[in-house]
Structure formats: C-alpha cells, structure tokens
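Undergrad: Pasting a structure below so you can have a look.
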Amino acid sequence: MFQFNGFNMMFPDHSRPFNTTYKCYSVSMLPGNERQDVENGGKIIMPPSALDQLTRLNVVYPMLFKITNGSINRSTHAGVLEFVADEGKIYMPYWMMHNLALEQGDIVEIESVSIPVATYSKFQPQSVEFLDITNPKAVLENCLRNFACLTTGDLIAINYNNTTYELSVLETKPGPAVTIIECDMNVEFAPPIGYTEPERREKEEEPMTIDPTELMPEPIGFVAFKGEGTRLDGKKKKDNGMNDVLPVQRQAYVRGIPDYDHPYGLLRFDRSVRKLDQAEPKSDDSKFQEFQGEGCSLKKNRK
C-alpha cells in the first residue's frame, strides 16, 4: 500500500525474480572441511549478499533456482543449502557442473523460479551394479532427501554403501522440472544400461535311452501273491489272464560298470539292488512250502 497526494493506491504484491551471475566452483574448492552433504545432494551454496537480495525481493520459500550455462544454453534446477560462499562465487556438486559442462570459475546465471510439485519420476541406472541393491526405491528415497529439484535429462549421482551410482532422470511429471520437497512421488526404474534379459529356454524332454524296468532284475525264488487261487465252492475260477505267457526272467543288473555312452544332462535315479548270493541250489525239500507251518494258540491249554 502506497500513499500519494492523500489517496491510497493499491498495488498487487508481486515478487520480482532474482537474476544474477556468479562464478561457479565445485564443492571440493569450498574452504574448510570436505562437505560430503553438499557433494551427495542437489543444493548449492551462495554468498550472504544473495540472501539479502532475495529477502528484499520477497522470494517465496522454498527458494528454488534455475542454473544456466549461457555458452551452451543448458540449464538445471537446484535448491540452496547455505549462504556462506565468498562474494561473487557459488559452490555446487560436481555432478551438476558435469551436466552443465562447466569448468572451475565459469560464469553461470542464477534465476529464482517457481516449479510444480513432483507426482512421478522415472530413473535409469547407468550401470548394472545398481541391481545389487536389495531395496533400490528405499535407497533412492533416502538419498533424494538432499535434493530439492529434479530436471528431466539430468544425470544425478547418489551415494550408498561407499559406492556412487549415477541415475539418469528420464521423465518427471507434471513438468520437465519439479520440486520434491514434501511430496508424494511415484518412482519407476528403467533397465540399467548394459542390462540384457536372460534368455528363457523351454525345457526339452530327452527320450529315455534305456527302459528303467530293465535296470531291475526279476526276482528269483518265491514271489508273494503269484500262486493260483482255488474257490471254496469247487467252481472253476474265471480266467483273468492268468494263462498269459509269463515274461522271461532278465539277467541280474550288475552295478558299478560305467556307462560311457551316457547322454550329457540326463539324470538316472536307479534303485539300489543288492546282488544275490550265488549259492548252490537247495534241494526241493528246503524250498518254501505254503501253509506248512505249525500253528500256536495265544490261549494256554488248561491240560
């Protein structure tokens, strides 16, 4: 509200944009101890005079900036972490300087902007080593806490377990530049560069070269339930195929001899058969005879 010649004149409260140029340097050139919190994030460090100018211009929070390399007309977006840089200088992560093709001391243009809140983003890892991370979405969510903006086409760097992973920002919604401060954002991953889908081969059933029944020798001697039955009423029993020709006894399978013609990849599950002792044939009197045993009563006889 302004007063002019006794009248009150109302003007809308529009904030003017902040637009100036600085010499840019990487975080490694920042005086003092190494600042990994800046190198592993997406925010810059500006001089104190920038804060005074931003306050006078009523720039809304959070303060977001568009950083442009005018020589190649390439730009990205970032937030501000601190206002402790030397006058006329700004410090930014190395990955951001690499995206803008900047060298130490190059001139960049800094402009305050207002961008929409992110709802969706898609990333593509630059190496297949990113697949070794057990929960990549959780790791990415934790690393993006040091970022304020995402710009489509940027190649950001995150640090996890003492390893730096590069991710390309393929897509952002609802615009090519979004802010990720206090937002619910859906995240998708594209296949990493150099990743190839494993070929799926259908299992081919190999024919059995040997009949498994041939590996089992026919039993010699008494075989249970192989006798002929007799009806108690004296009638003839119906022929249920009992007069069929019995199969010829096969020779006992000898284990321990390697099969040099065994096909590659074929597994055989042979039963363990004990080799019969080649004893002398016993006389007919010693052969097993059915129903020739002596019975015993469980109840003791009183006599």
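Undergrad: How much accessible area does Ile181 have with a 1.4 Å probe, in Å² rounded to the nearest 10?
TA: Probe radius 1.4 Å; accessible area of Ile181 about 60 Å².
Undergrad: Hey, what's segment 120-189 come to in accessible area per residue, 1.4 Å probe, Å²? Don't skip to the end; give the middle numbers.
TA: Working: 3730 Å² over 70 residues.
That works out to 53 Å² for each residue.
Undergrad: Leu267 to Asp52: FRET efficiency via 1/(1 + (r/R0)^6), r the Cβ-Cβ distance, R0 45 Å, to the nearest 0.05?
TA: Working: r = 79 Å, r/R0 = 1.76.
Efficiency for this residue pair is about 0.05.
Undergrad: Now a separate question. Round to a whole number: what % of the accessible area of segment 120-189 belongs to carbon and sulfur, probe 1.4 Å?
TA: Values: 1490 of 3730 Å².
Answer for segment 120-189 is 40 percent, counting heavy atoms of protein chains only.
Undergrad: In segment 128-205, what trypsin sites (Lys or Arg not before Pro) fall in a loop by DSSP, with at most 16 other Cβ atoms inside 10 Å? Intermediate values should be presented prior to the final figure.
TA: Numbers: sites: Lys137, Arg145, Arg200, Arg201, Lys203; in loops: Arg200, Arg201, Lys203.
Within segment 128-205, the qualifying trypsin sites (Lys or Arg not before Pro) (loop, at most 16 other Cβ atoms within 10 Å) are Arg200, Arg201, Lys203.
Undergrad: For Tyr260 and Lys89 in the same chain, what is the full-extension length gain: residue separation times 0.36 nm, less their Cα-Cα distance, in nm? Kindly include the intermediate steps, with their values, before the conclusion.
TA: On the way: separation 171, 0.36 × 171 = 61.56 nm, distance 7.87 nm.
Between Tyr260 and Lys89, full extension yields an extra 53.7 nm.
Undergrad: From largest accessible area down, sort Ser26, Ser71; use a 1.4 Å probe on the protein chains. Walk me through the numbers on the way to the answer.
TA: Working: Ser26 5, Ser71 100 Å².
Of Ser26, Ser71, the descending order of accessible area is Ser71, Ser26.
Undergrad: Given the whole protein assembly as supplied and a 1.4 Å probe, what does the accessible area of Glu87 come to in Å², nearest 10?
TA: We get 110 Å² for Glu87.
Undergrad: Looking at segment 120-189, I'd like the Rg to Rh ratio, where Rg is from alpha-carbon atoms and Rh is Kirkwood's inverse mean 1/r.
TA: 0.93
Undergrad: Moving on to the next point. Note down the magnitude of the dipole of segment 120-189 about its Cα centre, charges +1 on Lys and Arg C-beta and -1 on Asp and Glu C-beta and zero elsewhere, to the nearest 20 debye. Mind dumping the intermediate values first?
TA: Numbers: 4 positive and 9 negative charges, 18 e Å.
Dipole size: approximately 80 debye.
Undergrad: Anything over 22 Å Cα to Cα? Flag those among Lys226/Lys299; Lys43/Lys66; Lys23/Lys173, in the order listed.
TA: Values: Lys226/Lys299 33 Å; Lys43/Lys66 11 Å; Lys23/Lys173 31 Å.
With Cα atoms farther than 22 Å apart: Lys226/Lys299; Lys23/Lys173.
Undergrad: What dipole magnitude, in Debye to the nearest 20, does segment 35-173 give about its Cα centre under +1 on Lys/Arg Cβ and -1 on Asp/Glu Cβ? Before the final figure, lay out each step's value.
TA: Details: 10 positive and 16 negative charges, 86 e Å.
Value, rounded to 20: 420 debye.
Undergrad: Would you kindly find the accessible area of Asp233, with a 1.4 Å probe and non-protein molecules such as ligands, DNA and RNA excluded, rounding to the nearest 10 Å²?
TA: Near enough 90 Å² of accessible area.
Undergrad: I've got another one for you. In nm, give the distance between the simple-model label positions of Glu228 and Glu111, each being 7 Å from the Cα along the Cα-to-Cβ direction.
TA: Going by the 7 Å Cα→Cβ label model, 11.0 nm.
Undergrad: Compute the length gained on full extension between Thr21 and Asn33: take 0.36 nm times their separation in residues and subtract their Cα-Cα distance, giving the result in nm to one decimal.
TA: Numbers: separation 12, 0.36 × 12 = 4.32 nm, distance 2.61 nm.
Contour length minus the Cα-Cα distance gives 1.7 nm.
Undergrad: Test of understanding: express the Cα radius of gyration of segment 19-112 as a ratio to 2.2 N^0.38 Å, with N the residue count. It would help to have the intermediate numbers written out before the result.
TA: On the way: Rg = 12.2 Å, N = 94, 2.2 N^0.38 = 12.4 Å.
Its radius of gyration relative to the 2.2 N^0.38 Å reference: 0.99.
The values are calculated or read from the model by the stated rules, or taken from the named source; none is laboratory data. This is a predicted model, so every value here is computed, not measured. In this analysis, Cβ positions are derived from the backbone assuming ideal geometry, glycine residues included, and neighbour counts consider all displayed protein chains. Surface accessibility is based on the protein's heavy atoms, side chains included, excluding ligands, DNA and RNA. Shrake-Rupley method; radii C 1.70, N 1.55, O 1.52, S 1.80 Å.
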